[in-house]
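Asks: Just passing along the structure, written as structure tokens.
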Amino acid sequence: MTPQVPRNELCPFCAEPIPPDQASKDHVFGEAFGGRVKVPCCRSCNSTIGHDIEGPLHSPNSLLALACAAAGLAGKPLRGQYRDESTPVNVHWAEGGAVPRDPKVRVQEKDGTLSVEVGGTEEQVRNVWRGLTKKYGSSIPSVDEALANATRTSDPSPWVEIALTNQLPLLHKFAAKVALSGGAAIWGKRFIATEFADALRKILRAPEDAYQPDAPKCDLKYLSTVASDARQVAPVDLPELVLPIPGPGALPTSQVVFGALPGEAEPRTGIFVTILNFPAPPYGILVPGEVPENPTLPVVLREKLGEQAVTLKLDEIYFGAIASLSDEV
């Protein structure tokens, strides 16, 4: 038995009914990060989130850009420099190489003699030579002739330095966004209308300067504790909730985990978001309130790159039912 996936008529980000002419779809884990499962939302919310949150997180040299590169997803190359000579380079992670970011061009005219020197990748040389040909015409050889006589060299240094940024205020908001759309995918309208979802929307709408680095957070170790406690409740083969960096052949995985904090005077839920096996942010965000059903049990929405997403609920796993989500919720 596979539970029916709930459909929602409210936008999870503003909790307002979605006008037919403003209907859109949000990728729970971000389309740029390989996400496929989508939930209905209004176009304005989707556009704002894409521009203000997901866009900057996909910028070159963000931690998630590295996650995308390591997963082989198409995107802008990472930016770095050769350690030995500080030459700016573009790092193409999937191909396992780095190339100078800008070609070297030197043109000299002396005593009626034209000297042209161009250095870079073959593509860079061809692009530069095309412009030089327009300017100097037959005074310079064709690009094919120039390349045939070119000196080819390997990388000047085996070491490339890459400075990565981990934008915690944006990742904090991104986790709230993933939780909102993930909760809508799992529970539908009854999740969107909860006070718990309201608390997530407050995080999503808060200005960046409202982020407090010393605010209470949930350590990633809590995921191991949740899994251990869950196994004591029921004898199930619950998948590991802390995802390791995938080895060769392993599929990178994105997930959001909803886990209640035990022993709290007022209910609070830890939300842990992982994108392509990278924690985003590197901790769980703490949100007052609880999920709509069985709040004491962990719930996971998990999507392996290129595979169908699944919802893992302890009670449903125990009774042999795992909800499979199609790409369209």
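The values are calculated or read from the model by the stated rules, or taken from the named source; none is laboratory data. Computed from a prediction, not measured in an experiment: that's the story for all the values here. Don't worry about glycine lacking a Cβ; one is built from the backbone with ideal geometry, like all the others, and counts go over all protein chains shown.
Asks: At positive phi and either assigned to a strand (DSSP E or B) or in contact with a strand residue (DSSP E or B) (Cβ under 9 Å, 6 or more places away or on another chain) (or both) - does that describe any residue in the stretch 7-16?
Replies: no
Asks: So if I check each of Lys221, Lys177, Lys217, which one is modelled with pLDDT of 90 or more and of a type in the set (D, E, K, R)? Break it down stepwise before answering.
Replies: Working: Lys221 fails: modelled with pLDDT of 90 or more; Lys217 fails: modelled with pLDDT of 90 or more.
After ruling out the rest, the residue left standing is Lys177.
Asks: Could I ask something else about it? Cβ-Cβ distance below 6 Å, separation of 6 or more or different chains: which pairs start in the stretch 1-28 with a residue that is not assigned by TED's automatic domain parsing to the domain that holds Asp198 and modelled with pLDDT of 90 or more and end on one that is of a type in the set (S, T, N, Q) and not in a strand (DSSP E or B)?
Replies: Pro12/Ser181
Asks: Considering each of Ser44, Ser59, Ser24 in turn, give the residue that is surrounded by fewer than 19 Cβ atoms within 10 Å (Cβ to Cβ), touching a helix residue (DSSP H, G or I) at 6+ places or on another chain (Cβ under 8 Å), part of a helix (DSSP H, G or I) and small (Gly, Ala, Ser). Don't jump to the end; show me each part of the working.
Replies: Details: Ser59 fails: part of a helix (DSSP H, G or I); Ser24 fails: part of a helix (DSSP H, G or I).
Answer to the selection: Ser44.
Asks: OK, next. Among the residues of the stretch 134-146, what is the count of those that are under 16 Å from Arg106 (Cα atoms) and either surrounded by 12 or more Cβ atoms within 10 Å (Cβ to Cβ) or not basic (Lys, Arg) (or both)?
Replies: Number of matching residues: 6.
Asks: Let me ask something additional. Do you know which residues across the stretch 62-120 are in contact (Cβ under 8 Å) with a residue 24 or more places away in the chain and either of a type in the set (Ser, Thr, Tyr) or assigned to a loop (DSSP other than H, G, I, E, B) (or both)?
Replies: Across the stretch 62-120, the qualifying residues are Ser62, Ala71, Leu73, Gly75, Tyr82, Arg83, Asp84, Glu85, Thr87, Trp93, Ala94, Pro103.
Asks: What residue, among those in the stretch 273-298 that are among the aliphatic types (A, V, I, L, M) and part of a loop (DSSP other than H, G, I, E, B), is farthest from Ala250 (Cα to Cα)? Don't jump to the end; show me each part of the working.
Replies: Of the stretch 273-298, the ones among the aliphatic types (A, V, I, L, M) are 273, 275-276, 280, 285-287, 291, 297.
Filter once more, so that each one left must be part of a loop (DSSP other than H, G, I, E, B): 276, 280, 291, 297.
Values: Leu276: 11, Ala280: 20, Val291: 31, Leu297: 28 Å.
Restricting to residues being among the aliphatic types (A, V, I, L, M) and part of a loop (DSSP other than H, G, I, E, B), the top hit is Val291.
Asks: Right, something else. Going by the structure shown, is His51 assigned by TED's automatic domain parsing to the domain that holds Leu305 and at pLDDT below 90?
Replies: It is false that His51 is assigned by TED's automatic domain parsing to the domain that holds Leu305 and at pLDDT below 90.
Asks: Considering Ser142, Ser115, Ser157, which residue is modelled with pLDDT under 80, over 26 Å from Ala215 (Cα atoms) and either more than 18 Å from the chain's Cα centre (by Cα) or among the hydroxyl-bearing types (Ser, Thr, Tyr) (or both)? Break it down into steps so the answer makes sense when it comes.
Replies: Values: Ser142 fails: modelled with pLDDT under 80; Ser115 fails: modelled with pLDDT under 80.
After applying the criteria, what remains is Ser157.
Asks: Which numbered condition trips up Ala65, out of (1) surrounded by fewer than 22 Cβ atoms within 10 Å (Cβ to Cβ); (2) at pLDDT below 90?
Replies: Failed condition: (1).
Asks: Being surrounded by fewer than 22 Cβ atoms within 10 Å (Cβ to Cβ) and part of a strand (DSSP E or B) is the filter here; which residues of the stretch 256-270 pass it?
Replies: The answer is Ala260, Arg268.
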